[in-house]
Amino acid sequence: MNGLTVAKPNGVHAPKPPSAPQSKARPAFASGVYQSDSVKDVADSLGITSLSEPIASALASDVEYRLNQVLEEAVRYMKHGKRTTLTPADIDLALRNLNIEPLYGHSPTVPVAFRRFQPAHGEQKAFVYTVEDEEIDLERVVRERRVKVPREIGVKPHWLAVEGVQPLIPENPPPQPSHPERASSPTSTTDPLPSSLPLPLQLYHTRLLSALLSPDDAKRAAALASLAADAGLQLLVPNLVNWVGERVTRELAKGEEGDAEVLEVALGMIGSMAKNENIFLEPYLHQILPPLLSLLLVSPHPSPALRLRTSSTLSQLISLYSPKYTTLASRLLKTLLRALLEPERPLGTRAGAVRGLSALGAEGVRRGLVESRGAEALGRECEEAVAGEAGDRAEVAELVQAVLDALQRLAPQLGSQAPAPVPAPVPVPGTAEDAVVVVVDGSPLSDAEVGTLEEVLGGYVARLVGAQPAWARALLAAVGKEGRADAAEEGGRKEGEDVAME
């Protein structure tokens, strides 16, 4: 017992009884890397002087947590970059990933220079490190040329080619200069073809225009037939359309001295391209319609007979593309009505407008000649022109024939019975030269039918149409005036019977 430990029978000493744990003194608030004193310094700089220790410690803990979060993300970017040094770029990427505004003024390419200085409280081992700010001369910055901030990387679509033609936009490379051996022939009056056009098409273009402008009718017909049936000509369409527009403008500017054969060739090219099922002509309608309207409406015309062919070609284009472009017919009708009804327009222009209305079909003729009172106005102009100058009789005959042909659109079943072209000089009703109207077919028109016909078409055109009573009645039925004429005739008959009975 004298200070000896009691041993167990097996010789193992008994363990000492456990002593009570001694409690160590714990700080009132946990301290980390970011001390609460730093939080108080920041608070003092902001004018907050009464920040308590618990609040400062909580804020310091939160700041430390945020720093650890940013560093973990930055280290992840460093590892993905297979580097062992953390860079400011990693910190910027981490801040962006955490949706935090990045720090400005730090770049991985510019080394950071730290400056050490000792605080004013005089401690020997207390040093503060800070980044030395560079002094910038604002006057020098203002004088220097401003550098534009580069755009961010993105995707912008643009057209590489439209119908085989590369558009001239900054995104596409500039066109290469044409090769001398690939230029058009010296005898051709057209501009050189683009170098992007294949050589076989360039040769085809040159020979096609040469055949079309040759005096040989067989070559011209073969060239138009090739243009109407051959495939693989889509790349030539822009050049051919431009050629047609330039030639039509040039020849019509010469007036009556223009070359009518060149105009026929241009019109035949438009018709052949419209017939070719392998040519996509829709994007070029806005370039094709102005030459056609010019061929219809210009006066004096190098070839007035060409207006009829132009009307046929325009009708072909309208039938092909009006189902897709619903406003095509209405826009053409507006232009033609302006040329038909505006005062001080030549008779040739009005004849072309009537031919254009015929191309629009029965509805165009009804809107232009009947509802807008165009036939009545044209009849008065014809009377004035024939009574005034004998030189206008040819234009009057052309205009009258255009009106009669247009009225056949309202009664197509009687087209074979339509009156023949009116020869010049045209007889003017009410003058000494007035001829007796001969009834060609059927019973003569009654007074009520004649009055309704004059109300619809005017006196001059009504007398010309009245030469064929069956056709005149068909026109009245087409415009919805036949029932009115019958009612008027029946009323007149009853009135006559009542007078006879009295």
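Computed from the coordinates by the stated procedures, all read-outs in this text should not be read as laboratory data. Computed from a predicted structure; not experimentally measured. All Cβ positions, glycine included, derive from the backbone under ideal geometry; neighbour counts span all protein chains shown.
See the values below:
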{"quantity": "Column: log10 I(q)/I(0), Debye, Cα scatterers of the range 36-119, q = 0.11, 0.15, 0.25 Å⁻¹", "calculated": "-0.45, -0.77, -1.10"}
{"quantity": "For Ser36, Ser322, Ser196, Ser50, order by how many other beta-carbon atoms lie within 10 Å, fewest first", "calculated": "Ser50, Ser196, Ser322, Ser36"}
{"quantity": "Amide hydrogen neighbours beyond the local backbone of Leu193, cut-off 5 Å, H modeled", "calculated": "Ser184"}
{"quantity": "Derived scalar couplings ³J(HN,Hα) [the range 293-309; Karplus, 6.51 cos²θ - 1.76 cosθ + 1.60; whole Hz; x for Gly, Pro]", "calculated": "5, 5, 5, 7, 9, 6, 7, x, 10, x, 8, x, 5, 6, 5, 5, 5"}
{"quantity": "In the range 258-366, trypsin sites (Lys or Arg not before Pro) in a DSSP loop with at most 10 other beta-carbon atoms within 10 Å", "calculated": "Lys324"}
{"quantity": "Coil-residue GluC sites (Glu not before Pro) of the range 240-281, DSSP, other Cβ within 10 Å capped at 14", "calculated": "Glu277"}
{"quantity": "Sorted by Cβ neighbour density within 10 Å, fewest at the top, the residues Glu53, Glu455", "calculated": "Glu53, Glu455"}
{"quantity": "Residue order, fewest to most beta carbons within 10 Å, for His301, His80", "calculated": "His80, His301"}
{"quantity": "In sequence order, calculated HN-Hα J values of the range 284-289 (Karplus, 6.51, -1.76, 1.60; Hz; x Gly/Pro)", "calculated": "10, 5, 5, 9, 8, 5"}
{"quantity": "Using θ = phi - 60° and Karplus 6.51 cos²θ - 1.76 cosθ + 1.60, couplings along the range 461-466 (whole Hz; Gly, Pro as x)", "calculated": "5, 5, 5, 5, 6, x"}
